[in-house]
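Some notes on the structure that comes next.
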Ligand code: KG4
Ligand code: ZN
């Protein structure tokens, strides 16, 4: 377990009975998210997405995302305050994703958060995007048991974490050694001619397909691989296997059974993710497993995780799909936890750090 050095370990709520009022800003990829929470209560979750501007490129174009964040920032902040029915000067602190993510995109959120913090004379918390994906579950299911296992699966990351105190004790157990799970969904969707982002489209195609129609490979699950990569993932071999399978059918002039390919591919991803996450929980003697990140919205992953975890007496917590994909509420949720636990705010010169390590929950000085 890590030692939490900043601030006190005692919970406090800044003198308020129902927790601090936090505005959270998320701009690490293509969603401009602004959330408002009080304690663990979600008051507003305003999102402006530039996903349609990236669709024709088949992936997020960083410069396009940065410009879209710039345009969306002020209106999204205004919308969040309106929905939450709060005034900006009422908030107790500003939280912002300071990494990891796209450098230019992060910069827009961090600059906006600094401006608000200075203008309103409020403390600023630069937070880790991955820890925020964990903390958001508190808005739905209450305080996180400590420790818990977190499986974070998004377009940019696939990690297995042991989380004690989410504000300072996040230990990586494993991660992808190549593509992220969401990236694999997006790439396979592309080769199947489905729109970007591909995850939701594969998910819906798979509903009418057979998950056992094609036996796609399960990366890093052989006895030999498990010795070195017990809790790591690899999805690039799976993506290549799908591509080869589709090519072979095309060359033979045969139709591609889209739903079966989608269902069999999805099963291969969900099988490995759930198998390793449950194994990590058993190995660590931890009875709660949380799943977060965009891929946690996947319907098959949600069902399979529940089934396999239940068989081992492990409880699964997964936020509703809208809180799994990137949003501002998750940043506000982590900010709220940091304030409640008395952590020191970040300095006003906090950097946007595109490769912020998962172990660093709170951004400190340069
Ligand atoms: O967490 P997120 O919104 O952004 C990142 O931090 O990357 O995750 C986006 C990823 C995309 O790759 C998208 O295809 C995937 O999450 N995704 C899904 C589903 N919904 C979103 N993947 C599988 N099934 C879904 N239902
Ligand atoms: Zn994310």
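Scanning segment 53-73 for residues that are surrounded by fewer than 20 Cβ atoms within 10 Å (Cβ to Cβ) and not in a helix (DSSP H, G or I) yields a count of 5. Residue check: residue 273 meets all listed conditions (1) under 24 Å from residue 194 (Cα atoms); (2) under 22 Å from the mean Cα position of the chain (by Cα); (3) outside any helix (DSSP H, G or I); (4) in contact (Cβ under 8 Å) with a residue 60 or more places away in the chain but one, namely (3). For segment 44-52, the count of residues that are assigned to a loop (DSSP other than H, G, I, E, B), out of contact with any strand residue (DSSP E or B) (no Cβ under 9 Å at 6 or more places or on another chain) and farther than 19 Å from residue 124 by Cα is zero.
Going by the structure shown, is residue 178 surrounded by fewer than 20 Cβ atoms within 10 Å (Cβ to Cβ), in contact (Cβ under 8 Å) with a residue 60 or more places away in the chain and in contact with a strand residue (DSSP E or B) (Cβ under 9 Å, 6 or more places away or on another chain)? So residue 178 fails the test.
Can you tell me how many residues within segment 141-156 are touching a residue at least 60 places away in the same chain (Cβ under 8 Å) and either more than 16 Å from ligand 1 (Cβ to nearest atom) or closer than 14 Å to residue 359 by Cα (or both)?
10
Residue 135 meets each of the listed conditions (1) within 12 Å of ligand 1 (Cβ to nearest atom); (2) in contact with a helix residue (DSSP H, G or I) (Cβ under 7 Å, 6 or more places away or on another chain) apart from (1). Say we look at segment 29-43 and pick out the residues that are modelled with pLDDT of 95 or more and either outside any strand (DSSP E or B) or within 13 Å of ligand 1 (Cβ to nearest atom) (or both); which of these is farthest from residue 190 (Cα to Cα)? That would be 39. Residue count for segment 142-175 under the criterion of being within 19 Å of residue 242 (Cα to Cα) and touching a strand residue (DSSP E or B) at 6+ places or on another chain (Cβ under 8 Å): the result is 0.
Out of segment 312-366, which residues are out of contact with any strand residue (DSSP E or B) (no Cβ under 9 Å at 6 or more places or on another chain) and farther than 15 Å from residue 95 by Cα? Correct list: 312, 313, 320, 321, 365, 366. Residues that are surrounded by 22 or more Cβ atoms within 10 Å (Cβ to Cβ) and within 22 Å of residue 257 (Cβ to Cβ) within segment 188-215 comprise 188, 189, 198, 199, 202, 206, listed in sequence order.
Of the helices (runs of 4 or more DSSP H) lying entirely inside segment 287-353, those containing at least 2 residues that are surrounded by fewer than 19 Cβ atoms within 10 Å (Cβ to Cβ) and free of Cβ contacts under 8 Å to residues at least 60 places away in the same chain are 299-311.
Conditions tested, residue by residue: (1) modelled with pLDDT of 95 or more; (2) closer than 22 Å to residue 338 by Cβ; (3) within 16 Å of ligand 2 (Cβ to nearest atom); (4) more than 17 Å from the chain's Cα centre (by Cα).
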position: 77; (1), (2), (3), (4): yes, yes, no, yes
position: 93; (1), (2), (3), (4): yes, yes, no, yes
position: 111; (1), (2), (3), (4): yes, yes, no, yes
position: 137; (1), (2), (3), (4): yes, yes, yes, no
position: 170; (1), (2), (3), (4): yes, yes, yes, no
position: 187; (1), (2), (3), (4): yes, no, no, yes
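The values are calculated or read from the model by the stated rules, or taken from the named source; none is laboratory data. From a predicted model like this one, the values you see are computed outputs, not experimental measurements. Counting neighbours? That spans all protein chains shown, and the Cβs are built from the backbone with ideal geometry, glycine included.
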